[in-house]
Amino acid sequence: MTILARFLGNGDGPLPKDVARYILDLSISQRDKARMHDLAVRNQDDALTPAEKEEMHAYGKAATLLSILKSRARRTLGLKLKSRTIS
């Protein structure tokens with residue numbers, strides 16, 4: 001995952017603008033969100049197989065990588081993160 005982040009992140013320099021726009025359009029599918037939620041809930045009950053624990057950690061790493069790349073993309077394009085409101 002770290003190596004992939006370096007490949008996609010273009011070192012410490014800014015991302016190419018077309019790549020930055022593409023990254024900002026990426027999102028986690030509803031199916032993957034549901035799977036991540038299922039794994040997290042079942043993990044709280046210590047009900048995951050070793051393979052499911054590995055899958056849960058892989059989802060976490062992928063989501064973290066996407067967040068980091070989106071942050072770099074926003075910086076490249078001079079965009080600020082919209083603040084969330086708590087309801």
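Between residue 51 and residue 63, 0.36 nm times their residue separation minus their Cα-Cα distance comes to what? Numbers along the way, then the final one.
On the way: separation 12, 0.36 × 12 = 4.32 nm, distance 1.83 nm.
Net length gain for the segment: 2.5 nm.
Taken per residue, the accessible surface of the range 25-78 reaches 70 Å², heavy atoms only and a 1.4 Å probe.
Which order, highest average first, do 37-43, 47-53 follow once you tally other Cβ atoms within 10 Å for each residue and take the mean per peptide? Walk me through the numbers on the way to the answer.
On the way: 37-43: 13.3, 47-53: 11.4.
Sorting 37-43, 47-53 by mean packing, highest first, produces 37-43, 47-53.
The lysines within cross-link reach of residue 33, meaning a Cα-to-Cα straight distance under 20 Å and a gap of 8 or more places when in the same chain, are 53, 61, 70.
Here the label points at residue 74 and residue 31, each 7 Å from Cα along the C-beta direction, are separated by 2.9 nm in the simple model.
The values are calculated or read from the model by the stated rules, or taken from the named source; none is laboratory data. Computed from a predicted structure; not experimentally measured. As a convention, Cβ positions derive from the backbone with ideal geometry for all residues, glycine included, and neighbour counts pool all protein chains shown. Remember, those area values only see protein heavy atoms, side chains included, never the ligands or the DNA or RNA. Shrake-Rupley method; radii C 1.70, N 1.55, O 1.52, S 1.80 Å.
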